[in-house]
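**Q** Attaching a single structure in structure tokens format; questions to follow.
The values are calculated or read from the model by the stated rules, or taken from the named source; none is laboratory data. Note that this is a predicted model, so its numbers are computed, not measured. Virtual Cβ from ideal backbone geometry, glycine too; neighbours counted across all protein chains shown.
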Amino acid sequence: MTDLLKEFKFDLQIKNYSNRTIETYIYNSNQLVKYLDEHHGITEIEDVSTVHVKKFIQYQQNLGNKATYINSLIKSIRAFYAYLVEEEYVTKNAMSRIKLLKEDKTVIKTFTDDEVSRMIKAYDFKRYLNARNKVIIAMFVDTAIRSSELINLETDWINDTNIRIFGKGAKWRYVPISLMLRKYMIRYERIKEGYFKDKQLAYNNYFLSRSGRPLTTAQIEHVVREAGIKAGVRKDIRCSPHTLRHYAIQSNLRNGLDLYSCSRIAGHENIQVTKRYLQGIETENILEMAQSTSPLMNLK
């Protein structure tokens with residue numbers, strides 16, 4: 001099974017999956033491989049049955065792991081088995097009758113408008129790094145872009161009224177940018193040009209480190225976390241790029257953008273994913289939205 005995992009990884013690379021997805025699939029699938037070897041003495045794929053997979057899931061539950069984590073394992077192992085069936089290493093798919101666990105519906109608490117405003121103001125335009133960080137926060141808020149998409153964003157993909165994003169699943173999409181964000185970007189671009197004028201840049205990424213290299217996930221998370229600290233964000237709110245994305249999607253919905261358009265901008269696979277963001281909209285926001293859409297008030 002260890003050799004098959006190596007093949008699976010190679011196949012994912014050929015299919016141009018992101019490094020993060022590949023690492024997740026391989027790590028999660030390897031969890032099953034290690035369990036089968038240590039607890040059942042199984043190392044050959046032909047000896048694995050659906051019962052063994054169910055025992056693995058039960059083992060994860062006994063460890064106290066949440067349904068969301070276990071479902072992530074199941075999805076990865078499903079992908080592994082899909083490859084095994086496709087390559088005819090197995091005739092029966094041990095994952096075919098394995099269902100996802102029921103997850104608790106957790107409502108993600110996100111920032112208030114005031115907190116986001118203070119986070120953007122946490123950085124200024126006096127130095128390159130400050131200007132870059134300010135635009136990073138503003139872009140998360142304005143576009144609901146993912147962290148990986150922001151890291152990979154290239155200068156050539158920037159237009160006056162929109163940006164082109166290479167998103168999840170190797171899919172392109174266009175996202176509108178507001179006049180305010182464009183104003184910030186123009187100022188940042190001028191500062192960036194001056195900062196790197198005597199340096200030969202090897203990368204065309206829109207956001208660069210002080211040495212001219214693409215940013216890492218850890219660096220982006222640090223920028224957002226520091227903005228949260230400077231802005232005095234409530235301690236029970238997780239200051240992360242994903243929380244900013246969550247805020248941006250909810251804000252679009254609160255401000256009247258329809259679900260379909262919001263889903264397209266966010267790069268979701270379907271509207272059902274976008275609907276989850278509605279769960280976090282507070283009751284008072286819903287009442288306020290409903291007032292503006294009142295059938296009686298809109299009669300002509």
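**Q** Tell me, yes or no, whether the stretch 105-116 has at least one residue that is assigned to a loop (DSSP other than H, G, I, E, B) and either buried (at least 19 other Cβ atoms within 10 Å of the Cβ) or among the acidic types (Asp, Glu) (or both). Spell out how you get there, then give the answer.
**A** Pass one, the stretch 105-116, residues assigned to a loop (DSSP other than H, G, I, E, B): 105-112.
Narrowing further to those that are either buried (at least 19 other Cβ atoms within 10 Å of the Cβ) or among the acidic types (Asp, Glu) (or both): 110-111.
Checked the stretch 105-116: at least one residue is assigned to a loop (DSSP other than H, G, I, E, B) and either buried (at least 19 other Cβ atoms within 10 Å of the Cβ) or among the acidic types (Asp, Glu) (or both).
**Q** Okay, next question. Please count how many residues of the stretch 246-273 are surrounded by 14 or more Cβ atoms within 10 Å (Cβ to Cβ) and within 18 Å of Trp172 (Cα to Cα).
**A** The qualifying residues number 7.
**Q** How many residues does the stretch 136-153 hold that are touching a helix residue (DSSP H, G or I) at 6+ places or on another chain (Cβ under 8 Å) and without any contact (Cβ under 8 Å) to a residue 60 or more places away in the chain?
**A** Of the residues in the stretch 136-153, the ones touching a helix residue (DSSP H, G or I) at 6+ places or on another chain (Cβ under 8 Å) are 136-148, 150-151.
This time we only want the ones that are without any contact (Cβ under 8 Å) to a residue 60 or more places away in the chain, so: 138-139.
Going through the stretch 136-153 one residue at a time, the tally reaches 2.
**Q** Residue by residue through the stretch 38-61, note down the ones that are in contact (Cβ under 8 Å) with a residue 24 or more places away in the chain, outside any loop (DSSP other than H, G, I, E, B) and either touching a Ser or Thr at 6+ places or on another chain (Cβ under 8 Å) or among the charged types (D, E, K, R) (or both).
**A** Matches in the stretch 38-61: Glu46, Thr50, Lys54.
**Q** Look through Arg164, Arg132, Arg118, Arg127 and report the one residue that is in contact with a Gly (Cβ under 9 Å, 6 or more places away or on another chain) and in the same structural domain as His222 (by TED's automatic domain parsing). Walk me through how you get there before you give the answer.
**A** On the way: Arg164 fails: in contact with a Gly (Cβ under 9 Å, 6 or more places away or on another chain); Arg132 fails: in contact with a Gly (Cβ under 9 Å, 6 or more places away or on another chain); Arg127 fails: in contact with a Gly (Cβ under 9 Å, 6 or more places away or on another chain).
Going through Arg164, Arg132, Arg118, Arg127 in turn, the sole match is Arg118.
**Q** Looking at this structure, is Ala94 loosely packed, with under 15 Cβ neighbours inside 10 Å and closer than 19 Å to Asn30 by Cα? Reasoning before the result, please.
**A** On the way: loosely packed, with under 15 Cβ neighbours inside 10 Å: no; closer than 19 Å to Asn30 by Cα: yes.
So Ala94 does not fit the description; no.
**Q** Now, a different point. Quick one: which of Ile136, Ile158, Ile186, Ile120 is surrounded by 22 or more Cβ atoms within 10 Å (Cβ to Cβ) and not charged (D, E, K, R)? Please lay out each step first, then the result.
**A** Values: Ile158 fails: surrounded by 22 or more Cβ atoms within 10 Å (Cβ to Cβ); Ile186 fails: surrounded by 22 or more Cβ atoms within 10 Å (Cβ to Cβ); Ile120 fails: surrounded by 22 or more Cβ atoms within 10 Å (Cβ to Cβ).
So the residue among Ile136, Ile158, Ile186, Ile120 that is surrounded by 22 or more Cβ atoms within 10 Å (Cβ to Cβ) and not charged (D, E, K, R) is Ile136.
**Q** Name the residues in the stretch 8-33 that are among the charged types (D, E, K, R) and surrounded by 13 or more Cβ atoms within 10 Å (Cβ to Cβ), would you? It would help to see each step written out before you state the result.
**A** Quick first cut of the stretch 8-33, residues among the charged types (D, E, K, R) only: 9, 11, 15, 20, 23.
Correct list: Lys9, Asp11, Glu23.
**Q** Among Val85, Val116, which is the only one that is without any contact (Cβ under 8 Å) to a residue 40 or more places away in the chain and either at positive phi or among the β-branched types (Val, Ile, Thr) (or both)? It would help to see each step written out before you state the result.
**A** Working: Val116 fails: without any contact (Cβ under 8 Å) to a residue 40 or more places away in the chain.
Result of the check over Val85, Val116: Val85.
**Q** Assess whether Tyr59 counts as being out of contact with any helix residue (DSSP H, G or I) (no Cβ under 7 Å at 6 or more places or on another chain) and modelled with pLDDT of 95 or more. Walk me through how you get there before you give the answer.
**A** Values: out of contact with any helix residue (DSSP H, G or I) (no Cβ under 7 Å at 6 or more places or on another chain): no; modelled with pLDDT of 95 or more: yes.
No.
**Q** Might you check whether a residue that is free of Cβ contacts under 8 Å to residues at least 12 places away in the same chain and part of a helix (DSSP H, G or I) occurs anywhere in the stretch 240-260?
**A** Narrowing the stretch 240-260 to residues free of Cβ contacts under 8 Å to residues at least 12 places away in the same chain: 255, 257-258, 260.
Going one step further and asking which of them are part of a helix (DSSP H, G or I), we end up with 260.
For the stretch 240-260, residues free of Cβ contacts under 8 Å to residues at least 12 places away in the same chain and part of a helix (DSSP H, G or I): present.
**Q** List every residue pair whose Cβ atoms sit under 8 Å apart, with the two residues 6 or more apart in sequence or on different chains, where the first one lies in the stretch 218-234 and is farther than 15 Å from Phe207 by Cβ and the second, anywhere, is aliphatic (A, V, I, L, M).
**A** Listed pairs, sorted by first residue: Glu226/Ala122; Gly228/Met119; Gly228/Ile237; Lys230/Met119; Lys230/Ala122; Ala231/Met119; Ala231/Ala122; Val233/Met119.
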